[in-house]
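Novice: Below you'll find the structure I mean.
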Amino acid sequence: MINVEIDPRILEVCPATQIGLLRAQVVNGDTSDELWQEIENEAKAIAQTYELLAVNQRPAIAATRRLYKALGKDPGRYRVASEALCRRIIRGLGLYRLTTLIDVVNLVSIKSGYAISGLDADKLVGDTLTMGVGEKDEAYCGIGRGPLNIEGLPVYRDAQGGVATPTSDEERTKFTPETSHVQININAFAPEMPLDEAVSWTASLLEKYASATCFETTIKTFQ
């Protein structure tokens, strides 16, 4: 299991931070109709449960937004990924059907409220991920976004640089059709879905839809 460290500045704002860690061998591919039906069912539940202006009050989303503000980032401009997904659903825009790995992460994210970092483990450099704070002019290419200003965002870095934020993961370590080894970090800056349930559910989805094997899972605490 990869080692994960965290900047004290993040723990000062969110002292109860926990990170659910999962690593596995997988087979990526097109999202099956069965998985997509699970996503549509959960999207329907989200749309029936939350109004647009209330979704950011979900505990996991609200805590991440508070962290952004404390670090000097506008969470209305740089939305937490789980919030952005839920907002699309509530506005009737739907979600994009992508690949199995991406859609599993999106499903867990909208149900749990947690921003999730989904990384191709074979593209990570070194044996440690450190969650720190983005610096001014730090190079970072968000998936589908191009250069992203991560100053003031919580950011995971490997030995080469930034790989994930709660707003967008980095192009360098993104899932591709060839991804066969995943590192998934479920970022719980405050509790919503019990984190052990989120981790075990993610594992079960990967086993069912991505033929996952060789699981390593743990929950990292910092208190």
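Novice: I'm spelling it out carefully: the read-out is Rg and Dmax of the Cα atoms in Å, the candidates are [x] 25.2, 81; [y] 16.0, 43; [z] 17.4, 56, and one was derived from this structure. Which label?
Specialist: Evaluating Rg and Dmax of the Cα atoms in Å on these atoms matches [y].
Novice: I've got another one for you. With the cut-off at 31 Å, tell me which of the pairs Lys136/Lys208; Lys73/Lys111; Lys111/Lys136; Lys44/Lys174 have Cα atoms farther apart than that.
Specialist: The answer is Lys136/Lys208; Lys111/Lys136.
Novice: Can I ask one more? Excluding ligands, DNA and RNA, what is the solvent-accessible area per residue of the chain at a probe of 1.4 Å, expressed in Å²?
Specialist: I get 45 Å² per residue for this part.
Novice: How would Ile6, Ile61 line up by accessible area, probe 1.4 Å, largest first?
Specialist: On the way: Ile6 30, Ile61 0 Å².
Listed by decreasing accessible area, they come as Ile6, Ile61.
Novice: Where the only charges are on Cβ atoms (+1 Lys, Arg; -1 Asp, Glu), what is the dipole of the chain about its Cα centre, to the nearest 20 debye? Intermediate results must be reported in sequence, preceding the final value.
Specialist: Numbers: 23 positive and 30 negative charges, 161 e Å.
Using only the charged Cβ atoms, the result is roughly 780 debye.
Novice: Another question about this same structure. Using Cα centres only, tell me the gap between segment 11-38 and segment 157-196 in whole Å.
Specialist: Distance between centres, Cα-based: 8 Å.
Novice: Okay, next question. Taking all protein chains as present, what is the carbon and sulfur share of the accessible area of the chain, in % to the nearest whole number, probe 1.4 Å? Present the calculation step by step, with values, prior to reporting the outcome.
Specialist: Values: 4760 of 9970 Å².
The nonpolar share, carbon plus sulfur, comes to 48 percent.
The values are calculated or read from the model by the stated rules, or taken from the named source; none is laboratory data. As the structure is a prediction and not an experimental result, all values here were calculated from the model. In this analysis, Cβ positions are derived from the backbone assuming ideal geometry, glycine residues included, and neighbour counts consider all displayed protein chains. These area figures cover heavy atoms from the full protein model, side chains too; ligands, DNA and RNA do not enter into them. Shrake-Rupley method; radii C 1.70, N 1.55, O 1.52, S 1.80 Å.
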